[in-house]
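Step one of this worksheet: look at the structure below.
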Amino acid sequence: MTVANDGVPADEFETDLLRNLAHQRGTTRQSASAQDIYQALALTVRDRLVDRYVKTAATYYETNPRFVYYLSAEYMLGKQLPQNLLYSGLQNQARDALEKLGLDPAELEDLDVEPGLGNGGLGRLAACILDALATEDIPAVGYGIRYDLGIFKQTFEDGAQVERPDDWTFYGNPWEFAAPDDQQPVGFYGKVEDGKWTPDEIVLGEPSHMLVPGYGTQTVNLIRLWRARASRASFDLSRFGEGRYGEAVDAIVRSENISKVLYPDDSTELGRELRLKQQHFLVTCALRDIVRRYRLRNTGWDAFTEKVTIQLNDTHPVMAVAELMRVLLDEEGLDWDRAWLIVRGTFAYTCHTLLPEALETWPVALVERLLPRHMEIIYLINFHFLQEVEQAYPGDTGRLRELSIIQEEPERRVRMAHLAVVGAKAVNGVAELHSKLLRETTLRPFAELWPERFHNVTNGVSPRRFMLIANPRLTGLISSRLGDHDWLRDLDRLSELEPAADDSAFRDQWREVKRANRRDLARYARAVTGVALDPDAMADVMIKRFHEYKRQLLRVMHVITLIHRIRRGETAGLVPRSVIFGGKAAPGYYAAKRIMRLANAVADVVNGDQQLSAYVRMAFLPNYNVSGAELIIPAADLSEQISLAGKEASGTSNMKLALNGALTIGTLDGANVEIRDRVGADNFFLFGLDAGQAVALKQAGYRPRSWYEADWELRETIDFIATIDGGALREVADDLLNRDEYLTLADYRAYIECQDEVAHAWEDRDAWTRMSILNAARSGFFSADRTVRDYGREIWHTPAVPEA
Ligand code: 73E
């Protein structure tokens, strides 16, 4: 009997798998479907993690530690099977067992569905932070919503995005544990009398949890996701008795709609009633659970702020500030001052944006109707707060207006970011530049009032997800150089790779890994788009949500410029490139969708023309998600981070790509600034306006048309956009000429010149590989483990609790 690293005899895994197939799926090896086997496999892996979880829970119970509770409306967890196999050390046993049974592990992995409970960077960050919390042995629980439908599935029809529902639990989710006996009531509407709220509608929140194991540790934490269930009382028996079945179930449908679907929006406000209901639903369920857990080990309220710290991921869960006040005042009978001290000592708020249109506000009239008691409490919080402001700035009504939680014009609205800053002990931005701009612009009056409350915690990414799982070849090469795998828990150790940049044999191996990864990507691109990419061409990738400020349009304009140059025969200095796009647009975001159509139209032009495709081929890979990232990032040579400076809070694909040895072409925006500082200006392609210059240019009265008139190559590019597909996308060109909100024309020439430099650098492949290695070696800082340690030191003050 062989004993593997988890102490589990290899054939025991097989026995357990077969037992789960029989006992959990009720079937036999002979008649089992692939789905049966997949589910039995998942359950077998899950069982082992549960054993670890039970020990972690016991340790936490005994030590009564301080917990971090992470509240987020989004989590992009990625596939669970490969991660849980790796983290539990079971991959060899699983592979052996499957082989003996004549099954293909890859086929089973295809059946593992990624829970797409988020839109983009914000949701993936939440998942990376949970991964790092467990890896760092920090007691933590993540709270979120278990949407029935995750982020839509994207396909293209005639180049246009088509959205389809993502029914991710259609075959059941083997990774979760539902607890229908632990439902929590959540109130909506109704009236308040003498400070007592009687809701009109009660919806039940039903929790499910999933296990969040740490890597290289025994710790297993939890993520708890809530789904809405109608209370039994909402079934209208009298209507049913009258045979009006449809109406009888109306109320059920209305209640359960709350967790029906993720809002497919990123970085824009949407402000619909159902969204506010989702937010209130999440925070009510989460707080009830947090209080229940606190009471398992503590009595009274004195120790609450010592044992509990709650991180608010953007403004989406900020109603928690009012809800915790309501619980303390109305249910626990605390007085205002004591309750407020507790609230202010509990919450911390992370802001993820600078875009004013992304700062959430809710009409007072809506909050009053949906959550009347919360509205009263918000008024009271504001009343006390404005007294404090009046003391700090006597007679300064401008300050009062600027800082107030209530915006008066043009309509009375609750500013959720203001409620967050007032109700939190700490506020942070997600990259150095972002935190600075928050203090100087978006939240300036608050930073002047309470400078000590403001922090920076630069984002990070999970090296397990984006190196070990995504890029086993590079992980293997690095481990062989560093002598072990431990760098995956201590990413600063990547710096030990630096000398290898000067080792030509190592550079050859590095290049071989990149090439093999590009080959995998080319195979995938061919299968899903029909485009044949050349595995020797530079993989030039832009993967992120489609948003005007991110400027995918500028990327396409470079390709159009190349089209013209090739047609004119100006091919000196050009290198073959695979231009790869991935990303979704919010379904109602027409401007972004037009740019997608343009990208697909340009792709058709280059791919369908031999002369052009000798230099450029273009693949827009549909349905970009975590699994897509795992495939694209390891293959990438060039990382496009070209947002208008001052608009991208941080970016995280920039970090994942640099870690995997891609060189960045980018502006001084978000975390690009810190990436460049670390990898070195010589190993980074910088171009464009900086944030200050961008603001100044706008203030001076930006006229895009004058840039058009002054640069013939730019003119040719825009005229091409206006006429491609018989003028179907003329609006894109018109918008550039008349508005160009994100200064695309102003940065065009600098971008083109910088891309020429990129091509030149690619020609010296050995020098490029050296830069690639240095990018990886110097990106250890961008580990989410470091992010979590920063939060721990500056904001949470949470000691690690490793298992005894
Ligand atoms: O720069 C990214 C950042 O890297 C930012 O745009 C993104 O958050 C990432 C992680 O910090 C973000 N997403 C949202 N706001 N900022 C957002 C807003 C509304 C709905 C969903 C997501």
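The values are calculated or read from the model by the stated rules, or taken from the named source; none is laboratory data. Keep in mind the model is a prediction, meaning the values are calculated, not measured. Ideal geometry is used to build each Cβ from the backbone, glycine not excepted, and the neighbour counts take in all protein chains shown. Please note that ligands, DNA and RNA were not included when accessible areas were found on the heavy atoms of the full protein model with its side chains. Shrake-Rupley method; radii C 1.70, N 1.55, O 1.52, S 1.80 Å.
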Subset of K79/K260; K307/K647; K584/K647 violating a 26 Å alpha-carbon distance limit: K307/K647
Cα centroid separation - the stretch 53-116 against the stretch 437-493, whole Å: 22
Given the C-alpha atoms of the stretch 498-781, compute the convex hull and give its volume per residue in Å³. 123
What are the ³J(HN,Hα) couplings of the stretch 547-557, residue after residue, when phi is run through the Karplus curve with 6.51, -1.76, 1.60 and θ = phi - 60°? Round to Hz, x for glycine and proline. 8, 4, 5, 6, 6, 4, 4, 5, 4, 5, 5
Report the accessible area of Y53, computed with a 1.4 Å probe over the heavy atoms of all protein chains in place, in Å² rounded to the nearest 10. 60
How about K191: which lysines have a C-alpha closer than 23 Å to its C-alpha, ignoring those fewer than 8 places off in the same chain? K277
Check each of the trypsin sites (Lys or Arg not before Pro) in the stretch 542-625 and keep only those in coil by DSSP with at most 11 other C-beta atoms within 10 angstrom; list them in order. R568
Per residue, how much accessible area does the stretch 650-787 have with a 1.4 Å probe, in Å²? 36
Leaving out same-chain residues fewer than 8 places away, which lysines sit with a Cα under 18 Å from that of K196? none
Contour minus end-to-end for W336 and W450, with contour as 0.36 nm per residue of separation and end-to-end as the Cα-Cα distance? 38.9 nm
Step through the residues of the stretch 497-505 one at a time and calculate ³J(HN,Hα) from phi using the Karplus curve (6.51 cos²θ - 1.76 cosθ + 1.60, θ = phi - 60°), rounding each to whole Hz and writing x for Gly and Pro. 7, 3, x, 5, 4, 9, 9, 5, 5
Counting only protein heavy atoms, what percent of the accessible surface of the stretch 170-304 is carbon or sulfur at a 1.4 Å probe? 50
Using the 2.2 N^0.38 Å rule of thumb for compact globular proteins, work out how the chain stacks up: its C-alpha Rg over that value, please. 0.97
Using helices alone, what [θ] at 222 nm do you get for the chain, with -39,500 (n - 2.57) per DSSP H run of 4 or more residues, divided over all residues and rounded to the nearest 500? -14500 deg cm²/dmol
Considering only protein heavy atoms and a 1.4 Å probe, what is the carbon-and-sulfur percentage of the accessible area of the stretch 69-125? 47
Roll a 1.4 Å probe over the protein chains and send me the accessible area per residue for the stretch 276-407 in Å². 35
Longest exposed-site-free window of the chain, the sites being GluC sites (Glu not before Pro) in a DSSP loop that have at most 11 other C-beta atoms within 10 Å: 1-241
The stretch 315-455 - percent relative contact order, Cα under 8 Å, separation 6 or more: 32
With all protein chains present, how much of the accessible area of the stretch 498-781 (probe radius 1.4 Å) comes from carbon and sulfur, to the nearest whole percent? 47
Using only Cα positions of the stretch 176-268, each an equal point scatterer, no hydration layer, compute I(q)/I(0) via Debye at q = 0.15, 0.16, 0.17 Å⁻¹ and quote the log10 values to two decimals. -0.80, -0.86, -0.92
In the chain, what percentage of the DSSP-assigned beta bridges are antiparallel, given to the nearest 5? 45
Would you mind working out the magnitude of the charge dipole of the stretch 498-781 relative to its Cα centre, with +1 at each Lys and Arg C-beta and -1 at each Asp and Glu C-beta, to the nearest 20 Debye? 820
Under the Karplus relation 6.51 cos²θ - 1.76 cosθ + 1.60, θ = phi - 60°, what is the ordered set of whole-Hz ³J(HN,Hα) values for the stretch 45-53, x standing for Gly and Pro? 5, 4, 4, 5, 5, 4, 4, 5, 4
From Cα pairs below 8 angstrom and at least 6 apart in sequence, can you work out the relative contact order of the chain, rounded to a whole percent? 13
Mind listing the long-range amide H neighbours of L222? Cut-off is under 5 Å, sequence gap 5 or more, other chains count too, H placed in the peptide plane at 1.01 Å from N. A140, G142, V212
Whole-number percent relative contact order across the stretch 424-553, with pairs defined as alpha carbons under 8 Å at least 6 apart: 14
Accessible solvent surface per residue of the stretch 71-223, calculated while the other protein chains remain in place, 1.4 angstrom probe, Å²: 34
May I ask you to give the average projected area over all directions of the convex hull of the Cα atoms of the stretch 645-798, in nm² rounded to one decimal? 11.9
Could you pull out every residue, at least 5 positions away or on a different chain, whose amide H is within less than 5 Å of the one on I145? Hs are placed 1.01 Å off N in the peptide plane, and Pro or chain starts have none. W226
